[in-house]
Amino acid sequence: MEDGADLRLRFDGKELLNLATNNYLGLSTHPAVCDAASRAAREQGTGSGASRIVTGNSSLYEKLEREIASFLGTESALVIGSGYAANLSWLGALAGRNTVVFSDRLNHASIVDGIQLSRAKHVRYRHCDMKHLADLLEKHRDVEQKILVTDSVFSMDGDCAPLREIVDLCEEHGVLLALDEAHASGIWGEGRGLAHALGLADAVDIHMGTMSKAWGGYGAYVAARADIVALVRNRGRGFVFSTSLPPSVIAGNFAALFRIRQNPNEGQRLLGMAQELREVLGKLGFETGGSETQIIPVLMGRNEDALFARDFLLTKGVFVSAIRPPTVPAGTARLRLSLRADMVQEDLELVKSAFTELAKEIQSHE
Ligand code: PMP
């Protein structure tokens, strides 16, 4: 198969619609983004040469951070090498032995690792279960330092955290709230994330997001009050002890953010396509769980059923991934479709007809 995150791939001489990446806006191959990245590589080279705090800084880095802070309406923002490093960094900087961190059971692995490395007490609540969270907060009422962290959009289920209830609980219990917007940034809230879409941005203390998904690039941001960002800048080990991103990556991210700001309705259009597809899948008898976003899981149950469905869809020109345990719980093997804003209606119709044929094929085996 041809490499890459482009919407169209070639496999065995056949064109495939690529719904297996997190390149949700198709920006990784956008001409203006690619031009900006290649120009920066030609002018400034392929590497930054050192960590940010030594000599790896550049004016473009600082410009990107100011742009992110202005986009998100925060006092400050810090760009960190990857989403993984960003979660390790802010957790390491803000949490310690005396902190209790409340975390959704399905949060991303980088959050789990970040909490463990910080040596904080890790208290996990059942996925999106607010009654369970409220009970756990009550149990830890006397703890002084409390942080709650959640993905805003969950990457394997495509559902959203119940942010309103989370904000209320955090306010009631005096808990610092951090949101990982990796799969919402660029899409929800005119590209700003789910917190903005719900009018709750000011209630979130730490906005984390990645440039590796909808932005089509690489790296991540932590946006927050200036004092919080300063702590991450000074104490975040994934920031301090790691080489800064190459100029081409920063320039590409900057160009991608420009596009996102210029096209604030792209995300909404994408979410509309996802809704249309979920309705068709439902009518065909497929289960899409709690998906409310561009990420649509199609639950197949057994591993071999998910692999069969993936291979069948390939023959119809649609490439999706088959996600199996341990990435998802046992017995919940699934197809994972990530729809993209660079799809046109014809592409959506292709997906619908491929699933219609898959449903017939499955029925003929029953
Ligand atoms: N947070 C979430 C919710 C993610 O899904 C991911 C990546 N899959 C990350 C963080 C890590 O981001 P990166 O790939 O940029 O390291």
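What follows draws every value from the coordinates through simple rules; no lab data is involved. This structure is a prediction, so every number in the text was calculated from the model and none was measured. In this analysis, Cβ positions are derived from the backbone assuming ideal geometry, glycine residues included, and neighbour counts consider all displayed protein chains.
Ordering N234, F11, V101 by the projection of their Cα atoms onto the charge dipole of the chain, which places +1 on the Cβ of Lys and Arg and -1 on the Cβ of Asp and Glu, puts N234 at the extreme positive end. In terms of its Cα atoms, segment 45-262 spans 53, 36, 29 Å along the principal axes, sorted from long to short. List the pair-distance distribution P(r) of segment 156-241, using every Cα-Cα distance, as the percent of pairs falling in each 5 Å bin from 0 up to the bin containing the longest distance, rounded to whole percents. Result, from short to long distances: 3, 13, 22, 23, 20, 13, 5, 0 percent. Rounded to whole Å, give me the distance from the Cα center of segment 1-79 to that of segment 173-227. If you average the Cα positions of each part, the centres end up 18 Å apart. When the listed pairs K283/K316; K63/K213; K213/K360; K146/K213; K213/K283 are checked against a 23 Å cut-off, the alpha-carbon distance exceeds it for K213/K360; K146/K213; K213/K283.
Computed FRET efficiency, Cβ-Cβ of D129 and C34, R0 35 Å: what is it to the nearest 0.05? Show your work: numbers first, answer last.
Values: r = 43 Å, r/R0 = 1.24.
Here the calculated transfer efficiency is 0.20.
Annotation: the chain has a Kirkwood hydrodynamic radius of 21.3 angstrom, from the mean reciprocal C-alpha pair distance.
Taking square-rooted eigenvalues a ≥ b ≥ c of the alpha carbon gyration tensor, is segment 36-75 rounded, prolate or oblate, where a/c under 1.5 means rounded and, failing that, a/b exceeding b/c means prolate? Oblate, since a/c reaches 1.5 and b/c is not below a/b.
Checking every one of the trypsin sites (Lys or Arg not before Pro) in segment 280-366 against DSSP loop status and a limit of 13 other Cβ atoms within 10 Å picks out R302. When you filter the trypsin sites (Lys or Arg not before Pro) in segment 91-148 for DSSP loop state and at most 15 other Cβ atoms inside 10 Å of their Cβ, you are left with R97, R105, R119, R126, R141. Applying the criteria of a DSSP loop state and at most 16 other Cβ atoms within 10 Å to the GluC sites (Glu not before Pro) of segment 24-112 yields E75.
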